[in-house]
Structure formats: C-alpha cells, structure tokens
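Enquirer: If you scroll down you'll find the structure; I have some questions about it.
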Amino acid sequence: MSCLLIVEDHALVREGMAQTLGRLGAEWRVIEAPDANAALASMDREGEIDLVVTDLMLPGISGFSLLAMLRERDPSLPVVVVSALCDKTTVSRAMRQGASGFVSKGDSGDQLVQAVRTVLAGGLYVPPDRRAPAARAGRTAAAPVPDAAAAYGLTQAQSRVLALLVEGRSNREIAEGLGLAEGTVKVHVTRILKALKVSSRTQVLVAVSQGRARRDGSR
C-alpha cells in the first residue's frame with residue numbers, strides 16, 4: 001500500500017485534504033502531521049513515504065525549510081505544496097526549492113487530486129495563472145526515453161532526465177529545463193548510471209543506443 005503524508009497545522013483543513021485525497025483510491029493510506037517536526041517523526045516511524053503534501057506557513061519550522069530537509073533526505077520524494085500564499089514569486093521559489101507541484105488553498109479539491117496524480121506520474125503541476133513566465137519559459141517538455149522505466153527500472157522523473165542526458169544536456173541545463181534543483185538532477189543522474197550499470201554519460205548514450213537497436217531488431 002502506498003503512503004501519502006499531509007503536513008498542515010489547521011486540523012479542519014488537514015482533515016479536508018485527507019478526505020479529498022481519499023479519491024486516489026483504496027491503495028493509498030493517508031497520514032497527517034500538524035508541523036514539520038511531526039512530519040519528520042512520522043517519516044522515521046512509517047518508513048517509506050511515497051508523496052508529501054505540505055503547507056508553507058507552518059508553526060516552528062517553515063514549509064520552505066521542510067522542503068529543503070525533504071530534498072536532503074530523499075531528492076526523489078515528490079512534494080506538492082498547498083498554500084494560501086500563491087503569488088508567482090512564492091510559487092517559483094517553492095518549485096526551485098524542490099516542490100513538484102503547487103496548489104492554492106483557493107483551488108478546488110479536483111485540482112488538488114489532479115496535481116497529485118500529475119506529480120505521481122513524474123510531471124510538474126502549477127496552474128497556468130500562477131506560472132512565472134521567466135521561470136517557466138525555459139522549461140523543456142522532455143519526453144521520457146521509450147521503455148526506459150520498464151527496461152531500466154527508472155521512475156518517470158528519471159526517464160525525463162535520461163531523455164535530456166541523451167540529448168547531451170548538462171546538469172544545469174536539465175535542471176533549468178525541468179524546473180528542478182541542480183542537486184536533484186545530480187541525484188537522478190547518479191541513479192540512472194547505477195540502473196544502466198555504467199560509469200559515464202558517454203556510456204549512457206551507448207547503452208540507450210544499444211537498447212534501441214535490440215528493440216528495433218526484434219520487430
């Protein structure tokens with residue numbers, strides 16, 4: 001069973017989000033935390049968490065600080081921010097600091113569910129009216145390398161990074177293209193190298209090329 005963690009200090013809002021996210025299906029278990037410290041304790045206690053939904057305005061440790069802590073613990077852990085602060089500057093900052101999605105507390109439950117599903121599929125979610133043009137203009141809609149997830153055991157996010165690796169992009173270019181922190185890209189690249197059982201970017205190109213050749217030859 002997959003596990004989703006909600007971090008929100010207002011009980012009524014937290015309970016409402018938990019009820020809304022119940023639409024994801026019976027295979028999801030939702031746990032709740034009123035602040036960052038409780039969230040980190042829950043993660044230690046529960047073990048693997050598949051997704052975090054967090055507010056930014058939290059008592060004690062802020063949501064931005066929590067984003068940094070979560071990125072340090074596990075850069076591949078998807079995080080969706082749900083906040084009353086939804087100006088473009090805040091949205092851009094949250095995404096730069098590791099969030100994969102951003103939803104305003106003024107948005108509907110359907111939008112929250114859509115955001116979570118988009119992020120779980122390896123995408124990024126920001127409603128169009130809150131996208132910062134300067135931050136988004138350079139984004140690259142990288143198509144995952146065909147069959148990469150199945151062939152190499154990669155996540156959708158790692159498949160997108162692999163697609164840009166194959167194009168010869170640098171870590172910085174990949175980070176800017178996908179709206180990720182450069183440190184997050186480095187972690188993805190390390191895991192891709194390990195999954196493909198290679199030690200360099202050049203060997204990645206060779207491995208992907210050979211994989212495509214084998215698939216084409218079997219048709």
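Enquirer: What does the extension gain come out to for Met69 and Gln203, with contour length at 0.36 nm per residue minus their alpha carbon separation? Please report the intermediate quantities before stating the final value.
Expert: Details: separation 134, 0.36 × 134 = 48.24 nm, distance 3.26 nm.
Value of the extension gain: 45.0 nm.
Enquirer: With a cap of 11 neighbouring Cβ atoms within 10 Å, and only residues DSSP puts in a loop, list the trypsin sites (Lys or Arg not before Pro) found in region 157-200.
Expert: On the way: sites: Arg160, Arg169, Arg172, Lys186, Arg191, Lys194, Lys197; in loops: Arg169, Lys197.
Sparse-neighbourhood loop trypsin sites (Lys or Arg not before Pro): Lys197.
Enquirer: Give me Cys86, Cys3 sorted ascending by neighbouring Cβ count inside 10 Å, so fewest comes first. Can you show the working numbers first?
Expert: On the way: Cys86 21, Cys3 17.
Neighbour counts put them in this order, fewest first: Cys3, Cys86.
Enquirer: In region 1-101, which GluC sites (Glu not before Pro) are in a loop and have at most 12 other Cβ atoms within 10 Å, using DSSP for the loop call? Could you put the intermediate results ahead of the total?
Expert: Details: sites: Glu8, Glu15, Glu27, Glu32, Glu46, Glu48, Glu72; in loops: Glu8, Glu27, Glu48.
Those satisfying the criteria are Glu27, Glu48.
Enquirer: Arrange the following residues from fewest to most other Cβ atoms within 10 Å of their Cβ: His188, His10. Walk me through the numbers before you get to the answer.
Expert: Working: His188 26, His10 13.
Taking fewest neighbouring Cβ atoms as first place, the list is His10, His188.
Enquirer: Taking neighbour counts of Cβ atoms within 10 Å as a proxy for exposure, in what order, fewest first, do Thr90, Thr202 appear? Can you show the working numbers first?
Expert: Working: Thr90 19, Thr202 9.
Placing the least packed residue first, the sequence is Thr202, Thr90.
Bear in mind that the values in this text are calculations on the coordinates, not laboratory data. Note that the coordinates shown come from a computational prediction; the quantities given were computed from them, not determined experimentally. Cβ: placed from backbone, ideal geometry, glycine included. Neighbour counts: every protein chain shown.
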